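The values are calculated or read from the model by the stated rules, or taken from the named source; none is laboratory data. Model, not experiment: these values are computed from the prediction. We place every Cβ from the backbone using ideal geometry, glycine too, and count neighbours over all the protein chains shown. Note: accessible area is taken over every heavy atom of the protein model, side chains too, but ligands, DNA and RNA are not part of it. Shrake-Rupley method; radii C 1.70, N 1.55, O 1.52, S 1.80 Å.
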Amino acid sequence: MSNNVIKKEWRFNFDFSVASGETYGRFFKGLNDKKIIGNICNNRTFYPPKPFCDKTLKPPDAWLECDGAGIVEAFTICCEKSNGVKFSKTDKKPDVPYVLGVIKIKDSEHCIIHFISGFETKDVSEIADKIEIGMKVKPVWATKREGEILDIEYFEPVI
Amino acid sequence: MKNKVAIVSCGIIKYEGQNELGMWNDEATFKVSKMALDNVGAEKDDLDFVVISTMDGLDGITISNGLLAPAAGAYNKSSVRIETTGVHCIFSAVADILSGNSNLVMVASSDTLEMDFGYVTNFNQDVYFRGPVGFNASQSYGMLAMDYLKKHNIDEKDYARIANKNYLAGAVNPYAHINKKYSTEEIMASPYVNWPLRSLEIGKISNGAVACLIASEEKAKELTDNPVWISGIGLTSSQYLGSWKELSDMKAIKKACKKASDMAGIKDLKKEIDLMEITAPFAPFELIAMESLGFCEEGKAVDMLNNGDTSIGGTLPVNLSGGGLCTNAPNSGGLFRVVQAVKQLNNELDGVNTENMEKALVHDSDMFIGAVGGVSHGVLMLEKGE
């Protein structure tokens with residue numbers, strides 16, 4: 001590299017804000033009250049709710065509610081801390097290893113991505129052995145809830 | 001396609017690690033664009049249209065093509081910036097040529113930034129559902145890798161073998177960022193990043209630049225004796241908030257491949273395609289893509305890998321460039337793969353013999369910002385010809 005090349009460092013620090021819209025707003029407000037809100041679109045069930053049916057582009061038909069129990073469809077065990085990413089409830093980064101799972105709530109036809117915890121081990125292979133695809137999980141609620149996805153602190157296995 | 005369109009020239013520099021190039025993106029883009037023009041004796045005035053591939057989030061500024069477009073010859077010309085992949089840029093170039101609007105189009109892209117890619121790809125997620133749980137690209141790779149491992153009951157060592165195959169190819173590619181022949185044992189000994197994926201099974205971010213010139217049939221014949229014809233292109237995108245089946249079954253790749261094959265008049269991919277360049281920023285995606293593209297039954301790509309079919313000298317070499325593990329450039333990775341396929345068809349790469357290879361398939365995707373949901377895929381068919 002030539003001696004004439006210099007290096008510039010910078011960082012983004014902007015504030016943004018965006019409305020949730022009616023459909024997602026109901027879901028997040030429900031979390032505040034430990035409720036999982038969904039809806040029916042074109043005879044298909046969705047938790048979280050969808051603002052429209054992407055197959056027909058028609059509006060949803062009816063609202064639903066459940067306790068948030070579901071199954072694990074996929075997961076990964078995160079072994080590196082995410083630099084820069086902080087979590088709103090604690091303003092900390094989670095201790096590694098931790099599990100991020102793809103969770104299907106009740107009979108929903110789409111999924112959410114959330115933490116799965118409660119394995120009593122930090123050994124990656126042991127955690128991997130403890131998680132079965134199709135394993136039942138339920139939400140563990142945060143003590144302080146503000147209408148956001150982290151009102152569910154994590155999902156834990158249903159024993 | 002009724003009217004023919006060809007790639008007539010390429011410009012490329014060796015890819016390096018983050019911030020190792022010593023160039024900002026206009027300097028790097030100028031270098032490769034000038035190279036592409038000089039190779040066929042063309043001038044800036046010969047260009048009708050310029051297409052740039054950048055993504056603001058990956059360049060750390062907004063309207064990040066502002067610097068690049070003039071460097072690719074766009075001053076006072078028609079130009080467009082496409083924030084997805086190289087194949088999408090080529091689609092735009094081909095469309096403009098087939099509309100009769102252009103005869104010669106420059107497509108260029110570069111990566112010159114150092115960044116925390118985990119953080120950036122978390123920033124790329126939606127702010128209500130995925131962003132707050134820290135989700136990023138690498139974690140999405142881990143989920144797909146886990147899914148394939150559990151569904152097909154294969155060994156984690158198979159993932160290391162795919163990585164090894166790519167590192168062996170990258171080691172002899174003068175343009176690849178990583179030229180080190182990591183052994184299967186070294187790969188298995190690297191730490192888990194997102195189980196079941198290890199550090200050496202996920203591409204490290206690369207910096208570099210690449211350009212190519214796309215021409216109408218008439219212009220191609222005027223400029224070169226060595227055109228590589230674009231015979232088919234298919235583009236699709238996947239569901240963002242979908243079922244795991246929708247997010248993981250790669251239907252979008254299948255559809256893109258079908259569109260491209262139909263356009264190219266390809267009846268039997270397995271018989272007709274000689275080589276492939278696949279966007280695989282994590283090792284097992286090569287298996288997932290080969291199956292989704294229709295080169296083998298589900299769960300059987302690992303047999304092709306272990307038989308050596310997809311290695312240098314195999315019956316269907318995949319990622320002779322070293323793939324995403326050796327060169328993982330977010331903005332320019334798609335064009336990099338296109339140019340690698342062109343060079344392979346022209347038997348221009350030292351270290352590999354591709355003398356009798358006539359047809360190539362290039363798969364491109366923006367999955368470097370997340371591979372489960374909301375992913376765009378492109379499939380390009382290329383044919384050597386006169």
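5 Å is the cut-off here: which amide hydrogens, built 1.01 Å from N in the peptide plane, fall below it relative to residue A:137, excluding neighbours closer than 5 in sequence?
Here A:70, A:71, A:72, A:158 satisfy the definition.
Would you mind checking which residues have amide H under 5 Å from residue A:108's amide H? H placed 1.01 Å from N; only 5 or more apart, or other chain.
Amide H neighbours of residue A:108: A:47.
Please identify the DSSP H helices in chain B that span no less than 15 Å along the helix axis (Cα) and have a mean Kyte-Doolittle hydropathy of 0.5 or more.
Membrane-span-like by this criterion, though nothing is claimed about a membrane: B:86-98, B:333-345.
Taking amide H positions as placed 1.01 Å from N in the peptide plane, with prolines and chain starts having none, which residues 5 or more places from residue B:280, or on another chain, fall under 5 Å of its amide H?
Hits under the 5 Å cutoff: B:324.
As an exercise, identify the GluC sites (Glu not before Pro) in segment B:14-59 lying in DSSP coil whose Cβ has no more than 12 other Cβ atoms within 10 Å.
Taking segment B:14-59 and a limit of 12 other Cβ atoms within 10 Å, the loop GluC sites (Glu not before Pro) found are B:43.
Run through segment A:1-65 and list the trypsin sites (Lys or Arg not before Pro) located in a DSSP loop whose Cβ has at most 15 other Cβ atoms within 10 Å.
A:7, A:8, A:11, A:34, A:35, A:55
Which of the three applies to segment B:1-159, rounded, prolate or oblate, going by the alpha-carbon gyration tensor with a ≥ b ≥ c and a/c under 1.5 meaning rounded?
Cα axes put segment B:1-159 in the prolate bin.
Per-residue mean of other chain beta-carbon atoms within 10 angstrom of the beta-carbon, peptide B:130-141?
6
Please report the equivalent ellipsoid semi-axes of segment B:218-313, computed as sqrt(5 x eigenvalue) of the Cα gyration tensor, largest first, in whole Å.
Output for segment B:218-313: semi-axes of 27, 19, 12 Å.
Treat chain B as a sphere of radius equal to its Kirkwood radius over Cα pairs and apply Stokes-Einstein at 25 °C in a medium of 0.890 mPa s; give the translational diffusion coefficient in µm²/s, rounded to a whole number.
120 µm²/s
I'd like the distance between the alpha-carbon centres of segment B:107-168 and segment B:173-232, rounded to an integer number of Å.
If you average the Cα positions of each part, the centres end up 16 Å apart.
Using only Cα atoms, find the angle between the long axis of helix A:21-32 and the longest principal axis of chain A, and express it within 0 to 90 degrees, rounded to the nearest 10.
Its long axis makes an angle of about 90 degrees.
Suppose we flag GluC sites (Glu not before Pro) only when DSSP calls them loop and at most 12 other Cβ atoms lie within 10 Å. Which is the longest uninterrupted stretch of chain A?
So the longest stretch without any such site is A:10-119.
Between the DSSP loop rule and a limit of at most 11 other Cβ atoms within 10 Å, which GluC sites (Glu not before Pro) in segment B:239-347 are left?
B:297
When only the heavy atoms of the protein chains count and the probe is 1.4 Å, how do B:223, B:293 rank by accessible area, highest first?
B:223, B:293
Given springs between every Cα pair under 10 Å in a Gaussian network model of chain B, which of B:127, B:105, B:339 has the largest fluctuation?
Judging by the Gaussian network model, the answer is B:127.
Take the alpha-carbon centre of segment B:296-315, take the same for segment B:40-95, and report the distance between them in whole Å.
One Cα centre to the other: 36 Å.
Just add up the charged neighbours of residue B:370: K/R +1, D/E -1, any other residue whose Cβ is under 11 Å from the Cβ of residue B:370.
Net of charged neighbours comes to -1.
Which percent of Cα-Cα pairs in segment A:21-157 sits in each 5 Å bin, short to long?
All Cα pairs considered, the percentages come to 2, 10, 18, 20, 18, 15, 9, 5, 2, 0.
If you average 1/r over every pair of different alpha-carbon atoms in the protein assembly as shown and take one over that average, what Kirkwood value in Å do you get?
This gives a value of 24.1 Å.
Distance cut-off 21 Å, Cα to Cα: go down the list B:34/B:219; A:35/A:122; A:104/B:245; A:81/A:144; B:150/B:180; B:14/B:34 and report the pairs above it.
A:35/A:122; A:81/A:144; B:150/B:180
Shielding by partners for B:115-123, please: the mean number of other protein chain Cβ atoms within 10 Å of each residue's Cβ.
Rounded to a whole number, the mean comes out at 3.
Out of A:98, A:13, A:111, whose Cα points farthest toward the positive end of the dipole of chain A (charges: +1 Lys, Arg; -1 Asp, Glu; placed on Cβ)?
So the residue furthest toward the plus end is A:13.
Beyond 17 Å, what share of the Cα-Cα pairs of segment B:303-362 remains, rounded to the nearest whole percent?
38 percent
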